[in-house]
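A short worksheet on the structure shown next.
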């Protein structure tokens, strides 16, 4: 069993346990923020016919030659068509069809004049402007040609991509199933939100913080019962969950106290302990194991420590698991705009507020203390400041690396 390893080594170890998610076919209307499991090719042309881009008259461009307001050309109006309709009449020389935006351009016509350049006549229309063939003419397949690769496998479906698929008449898509992530919070001190708070008890904030973060990262959290500090109860919750989840996250019980039981329970269950403790602060006491081909990541019970360790260790794993690149760790360089006088014996992550100026990126410490048990200083936090081990402190203007949240 590896102990007190570097963060990057821990990230590398858990990345070896990425698995390919199963696929499912779902209705297009339900596919928002899902990941495509296949390439999609256009089944039809879009638009599916030559269509008018405006309200006006479809005609033969040659008929408008020399037309002006002072000397209009008069055409016979043989029909009128709206979007969703069509005409079987063929436009001949000296004729026009009144047409509305989106309607199919009738056979024989090769351009459309906007109604503002006519007298908007009903049976006869005076044309005030000369057009060339195919002016104001949207070709069939002008937007998308049949057989074109529209969206690649692995793409994240947003409202635009879904709208394009709908325009092609696609009503179902094959996507990867969302990973199910079990969340087991442990500790005798925990009670459910809404219950009366008695002496020595605290509300189970980790359940809400981490389950909501899991939803933000496009997974499906599976909430387990609060695990009391009892080996049998923790073992039962783990055993009952493993066949229902793709990943299990636990909080609490990962340190070295008398009631820190997670490691003891997992070893008893025959888990392969991959590593214990990472050389960072907060969140040093993190345990990673494998049982029944499922990865189990056990975080600190301290709210800020659990949240920060989740970001730096688990988030990249979820990004790879879900095939969603834009949720992976996003690092950038910033300039410290505050003072921090504590020495960092080991690598430390501070909660920060990142702001952009025209010249550079600035970062201040978030309001409140940086204690691992304090959650309120995360309220206005939008980044983590990554401080290398051995740093004596930070002065205003120093260059630092941050992780955007």
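Stretch residue 153-residue 89 to full length: gain in nm at 0.36 nm per residue minus the Cα-Cα span? Walk me through the intermediate numbers first.
Working: separation 64, 0.36 × 64 = 23.04 nm, distance 4.39 nm.
That pair, residue 153 and residue 89, stretches by 18.6 nm at full extension.
Relative to the present Cα-Cα distance, how much length would full extension add between residue 345 and residue 293 at 0.36 nm per residue of separation?
Values: separation 52, 0.36 × 52 = 18.72 nm, distance 3.59 nm.
Full extension from residue 345 to residue 293 adds 15.1 nm.
What is the order of 50, 32, 159, 285, fewest Cβ neighbours within 10 Å to most? Could the numbers behind the result be given before it?
Values: 50 20, 32 12, 159 9, 285 23.
Fewest-to-most ranking of 50, 32, 159, 285: 159, 32, 50, 285.
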Item to check | Where only alpha carbons of the range 1-130 are counted, the Rg and the Dmax (Å) | outcome: 28.6, 93
Next on the checklist: Can you sort 57, 41 from fewest to most other Cβ atoms within 10 Å of each residue's own Cβ?
Outcome noted: 41, 57
Checklist entry - If only Cα atoms are counted, what is the Rg of the range 269-330, and what is its Dmax, in Å? => result 12.4, 36
Checklist entry - How high is the relative contact order of the range 330-404, given as a whole-number percent (alpha carbon pairs under 8 Å, six or more residues apart)? => result 49 percent
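How large is the helix-only mean residue ellipticity at 222 nm for the chain, computed as the sum of -39500 (n - 2.57) over DSSP H runs with n ≥ 4, divided by its residue count, in deg cm²/dmol to the nearest 500? Show your work: numbers first, answer last.
Details: 7 runs with 63 residues, N = 405.
Estimated from H runs of four or more residues: -4500 deg cm²/dmol.
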Next on the checklist: Looking at the range 250-305, I'd like the Rg to Rh ratio, where Rg is from alpha-carbon atoms and Rh is Kirkwood's inverse mean 1/r.
Outcome noted: 0.95
Checklist outcome for this item: Here the percent of antiparallel bridges among DSSP beta bridges lying wholly in the range 56-127, to the nearest 5, is 70 percent
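Need the full-extension length gain, residue 166 to residue 356, defined as separation in residues times 0.36 nm minus the C-alpha distance. One decimal, nm.
Net length gain for the segment: 64.6 nm.
Let me know the Kirkwood hydrodynamic radius for the range 56-127, please, with Cα pairs as the basis and the value in Å to one decimal. It would help to have the intermediate numbers written out before the result.
On the way: mean 1/r = 0.0847 Å⁻¹.
Taking every pair of different Cα atoms in the range 56-127, averaging 1/r and inverting gives 11.8 Å.
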Checklist entry - Based on DSSP, what percent of beta bridges with both residues in the chain are antiparallel, to the nearest 5? => result 65 percent
Checklist outcome for this item: Note on the range 330-404: alpha-carbon gyration tensor, axes a ≥ b ≥ c; rule is a/c under 1.5 for rounded, else prolate if a/b larger than b/c, else oblate; result oblate
Checklist entry - Residues of the range 366-405 with amide nitrogen under 11 Å from the 7 Å Cα-to-Cβ point of residue 212? => result 379
Checklist entry - Using 7 Å Cα-to-Cβ label points, what is the residue 6/residue 399 separation (nm, one decimal)? => result 2.0 nm
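Can you pull a Stokes-Einstein diffusion coefficient for the chain at 20 °C (1.002 mPa s), Rh from Kirkwood over Cα pairs, as a whole number of µm²/s? Provide the component values of the computation, followed by the final result.
Numbers: Rh = 26.0 Å.
Taking Rh from Cα pairs, D becomes 82 µm²/s.
Got a sec? How would 90, 374 order by Cβ neighbour count within 10 Å, fewest to most? Intermediate results must be reported in sequence, preceding the final value.
Working: 90 12, 374 15.
Fewest-to-most ranking of 90, 374: 90, 374.
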Checklist entry - At what distance in angstrom do the alpha carbon centres of the range 197-266 and the range 323-344 lie from each other? => result 28 Å
Checklist entry - Relative contact order (percent) for the chain, with alpha-carbon contacts under 8 angstrom and 6 or more residues of separation? => result 16 percent
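Read-outs throughout are calculated quantities, based only on the coordinates presented, and are distinct from any laboratory measurement. Keep in mind it's a predicted model, so treat the numbers as computed, not measured. FYI the Cβ positions are ideal-geometry reconstructions off the backbone, even for glycines, and counts take in every protein chain you see.
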